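Note sheet for the following structure.
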Amino acid sequence: MIRSQLHAIAVRRRGDPDVAALLWEIKRLRDLLATIGAHLSELRHEEPTHREYFHSRLQDLLEAERVRFDPKTFKPGPLYDGKPERTGPEGTEGERAAKRRAREERG
């Protein structure tokens, strides 16, 4: 998705913490890909002077991502513990939507 589409989603779902977390993760991954792309372009140069540095930096970046999502070390946050998240007395966005539908059905 392009940036303007992601921005439109963020504006539409401004109060939803799940959407905000997903959008931040997308941004983080895009930044990571940009960094990897820059390091790869440096590795393509004919000058071997810094080749080892960029190669080791790429290995470090990819290893950090692997460790980040390794099932043995991954610790789910409050959004992923299997219980619905409470965002206040009114509940989650889904709970609020269900309550609105029930009110509309009652008239």
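The values are calculated or read from the model by the stated rules, or taken from the named source; none is laboratory data. Keep in mind that this is a model prediction, so the values were computed, not measured. Don't worry about glycine lacking a Cβ; one is built from the backbone with ideal geometry, like all the others, and counts go over all protein chains shown.
The set of residues from segment 2-32 being closer than 30 Å to PHE54 by Cβ, surrounded by 10 or more Cβ atoms within 10 Å (Cβ to Cβ) and of a type outside the set (D, E, K, R) comprises LEU6, LEU23, TRP24, ILE26, LEU29, LEU32.
The residue that is modelled with the highest pLDDT, among those in segment 48-58 that are loosely packed, with under 12 Cβ neighbours inside 10 Å and assigned to a loop (DSSP other than H, G, I, E, B), is THR49.
Report the residue count in segment 1-51 for those that are touching a Phe, Trp or Tyr at 6+ places or on another chain (Cβ under 7 Å) and of a type in the set (Lys, Arg). Result for segment 1-51: 0. Just one of the numbered conditions (1) at pLDDT 80 or above; (2) assigned to a loop (DSSP other than H, G, I, E, B); (3) not small (Gly, Ala, Ser) is not true of LEU61: (2). Filtered by the rule that a residue be closer than 30 Å to ALA34 by Cα, of a type outside the set (A, V, I, L, M, F, W, C) and modelled with pLDDT of 60 or more, segment 64-107 gives GLU65, ARG66, ARG68, ASP70, PRO71, LYS72, THR73, LYS75. Reported count of residues in segment 1-47, each being farther than 21 Å from GLU65 by Cβ, assigned to a helix (DSSP H, G or I) and over 15 Å from the mean Cα position of the chain (by Cα), is 6.
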